[in-house]
Amino acid sequence: EWPLRPGIVVSKMWTRTRVDDKKSLQFVRQISTVINPRILSGEEEHQMLALRALNILLQGSFEAGGDVIKDNAEIYRIISKLLCSKNTEIQQTAAETVALMSSDKKMCYNLAGHNFNILKTLYKSPEVADEVKLRALVGMSKMCASSGGDVNRNIIAEGAGVRIFKQIRQLLLKNPTAEARKWVIEALAYLTIDAEVKHDLVKDEEQMKIICDFSTDPSPSTSYSLSCIFMNTTNTYDQPEVEPEMQRIAEYAKQSVPQAHELDSEENLKTRISLMVARGVPSVLSACTSADSERTREFLARSYFGIVSNNDGEHCGAVVQQGGTRSLLNLFSENTEKRKKYRLRLCVDTTA
């Protein structure tokens, strides 16, 4: 994970400068003076180096990276160009940029319009390296998840998420290296917003084992991705509540109304959570609870809540056996406001 090391330095620098508007603006301008000339150089090698610098920035401080991208709309055109390069190293760098930028919803929409078909061509081509295919599939995964689980707002054709999931599974089983698993887990953090994907993933014992084994020594980025996966599969993410009257008005006005998938029904959720417990997911949650990120810890709390509150607390004993008690105490040593709402119920359920 060498790119994360300079990324951490960038993150610390951004944390110190963002408190002062003048300093943060100067920070972005200084980085732009490094990246922009290389982007505009017309030389693929120089443009690749610019994207590498941007990738480090996006991993260290996504906000600062977003500000640099805003100042240079040419980046979108250059990415499309470099994705079509015959040089594997250049292709891989461009595909990684797409995978990282797609974490932002607005950038994701912009990238999808120009690059989705290019990414699709890359992963289907037998001549493209697996490292490039995997990063391309991660970018596509985020594009598929941009609807937030609402089947009416998909910017990509329905069913694309499941097809991407199957392609990612093939690449993972073919070469389950630590690097491959890191990218697969990041993709699944987004793909599992799709009901069919989370249903297929939890049923897949082989893939679940690879994912769970990867949690033995999780990095901050891996812990976050795992927390997203299990928050999605337990359906404990924030879901919009639509009043019946407002739904009728929206339908009459031909506006999008959030619709849940049949595989997210209460009965299917019970089956899914039972399988997750059998696959050792509480142990994975336990391994990740030392994370410093407040967002990661909140998502882990949501996942625990989804497991112990399901089916009248049937799985509380398994959670305790898989290290849940100590993990919950660690998890709740500090609380976000959202996490506080889960604390009492979890403590009561696991000790009952």
Handout entry: Descending Cα extents along the principal axes, segment 29-144, whole Å
Key = 40, 29, 22
Completion exercise
The ³J(HN,Hα) series, computed from each phi in segment 131-139 with the Karplus coefficients 6.51, -1.76 and 1.60 at θ = phi - 60°, rounded to the nearest Hz and given as x for glycine or proline, is 4, 6, 4, 5, 5, 4, 5, 5, x
Exercise for the section: Multiply the residue separation of residue 203 and residue 295 by 0.36 nm, subtract the distance between their alpha-carbon atoms, and state the gained length in nm to one decimal. Expected result: 30.4 nm
Fill in the blank from the handout: Descending accessible area (1.4 Å probe), largest on the left, turns 27, 305 into 305, 27
Fill in the blank from the handout: Quick calc, residue 70 & residue 109: beta-carbon distance into FRET formula, R0 25 Å, rounding 0.05, result 0.95
Exercise for the section: Would you please give the FRET efficiency between residue 248 and residue 213, computed as 1/(1 + (r/R0)^6) with r the Cβ-Cβ distance and R0 = 41 Å, to the nearest 0.05? Expected result: 0.25
Problem - Protection proxy ranking of 106-115, 205-214 - average other beta-carbon atoms within 10 Å, highest first - result: 106-115, 205-214
Problem - Neighbourhood charge, 11 Å Cβ-Cβ cut-off, centred on residue 120 and excluding it, Lys, Arg +1 and Asp, Glu -1 - result: +3
Exercise for the section: Could you order 119, 40 by accessible surface area, starting with the largest, using a probe radius of 1.4 Å? Expected result: 40, 119
Handout entry: Contour minus Cα-Cα distance for residue 268 and residue 170 (0.36 nm per residue)
Key = 32.7 nm
Problem - Unsatisfied cross-links (Cα-Cα over 30 Å) in the set 174/203; 86/174; 70/120; 22/86; 133/209 - result: 22/86
Practice task
Arrange the residues 52, 77, 326 by how much accessible surface each exposes, largest first, with a 1.4 angstrom probe.
Solution key: 326, 77, 52
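The values are calculated or read from the model by the stated rules, or taken from the named source; none is laboratory data. Remember, predicted model here, so these are calculated numbers, not experimental data. Note that each Cβ is placed from the backbone with ideal geometry, even for glycine, and that neighbours are counted across all protein chains shown. All accessible areas refer to the heavy atoms of the entire protein, side chains included, with ligands and DNA or RNA removed. Shrake-Rupley method; radii C 1.70, N 1.55, O 1.52, S 1.80 Å.
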